[in-house]
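The values are calculated or read from the model by the stated rules, or taken from the named source; none is laboratory data. Only a predicted model underlies this, so the values are computations on that prediction, with no experimental measurement involved. No Cβ is skipped: glycine too gets one built from the backbone with ideal geometry, and neighbour counts run over all protein chains shown. What goes into the accessible areas is simple: the full protein's heavy atoms, side chains included, and nothing from ligands, DNA or RNA. Shrake-Rupley method; radii C 1.70, N 1.55, O 1.52, S 1.80 Å.
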Amino acid sequence: MLEQAIQHLDLSAHGLWFPITVSLCLFILALVLFKRQLTWRDFYITFSVVGFVGWLCDVIITRVFNMIDLGDPKVTGLGDILSYTFIPPSLSILFLAYLTAKNKWVLSLLFCAGSLLIEYGMIKSGYMHLNSWFFIYSIVVYFLVYAFVLPWHIAFIK
């Protein structure tokens, strides 16, 4: 039973080190730096909502439409779990911790670029494979999330 569970973690996936490293680093940074402007309540709500949306997007984009593959496409492995559980919520919390009315557009562009670099790293490490997803889609999605969705989200929960 334990062997079967370990096999389902897809520990032999090429490039697995990248999502593990990025997930852990971003989560630790989010835990340390969120107090700049956010409360524990803001952290909890943001982490939960963005984590849920991350998993929902995973199901739709990778499973339903098969637009990208992470690791072994037939298995939801450790890299998938860490990527969708920790990367989007941690980035969102870091973004919101530094967001002000004055720096909204610059910060949105910086976090867009950072998210694209993480995606590029996932591809270059061999962990992510694009099927019918194009980088331009990512640019549009990241910009909309950072420039509009997350500022609305924090205003709504405050």
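Using a 10 angstrom cutoff on alpha carbons, build the Gaussian network for the chain and name the most mobile of F18, F143, F134.
F134
What is the spin-label model distance, in nm, from T100 to F52 if the labels are put 7 Å beyond Cα along the C-beta direction?
3.2 nm
For W105, W133, what's the largest-to-smallest order of accessible area, 1.4 Å probe? Mind dumping the intermediate values first?
Details: W105 125, W133 45 Å².
The residues order as W105, W133, largest area first.
For the stretch 23-158, what are the per-bin percents of Cα-Cα distances with bins 10 Å wide, up to the bin holding the maximum?
Pairs per bin, as whole percents: 12, 44, 34, 10, 0.
Could you provide, to the nearest whole Å², the per residue accessible area of the stretch 65-132 with probe 1.4 Å? Each step should come with its number before you reach the end.
Working: 3060 Å² over 68 residues.
Here the residues of the stretch 65-132 average 45 Å² of exposed surface.
Rounded to the nearest percent, how much of the accessible area of the stretch 31-158 (1.4 Å probe, protein heavy atoms only) is carbon and sulfur?
Working: 5200 of 6920 Å².
Carbon plus sulfur share of accessible area: 75 percent.
Can you list the aspartates and glutamates whose alpha carbon is less than 19 Å from that of K74, not counting same-chain residues fewer than 8 positions off?
E3, D10, D58
Taking K104 as the anchor, which aspartates and glutamates have their alpha carbon closer than 15 Å to its alpha carbon, excluding any fewer than eight residues away along the same chain?
none
Can you give the Kirkwood hydrodynamic radius for the stretch 1-69, in Å, rounded to one decimal and based on Cα pairs? Numbers along the way, then the final one.
Details: mean 1/r = 0.0680 Å⁻¹.
It is 14.7 Å.
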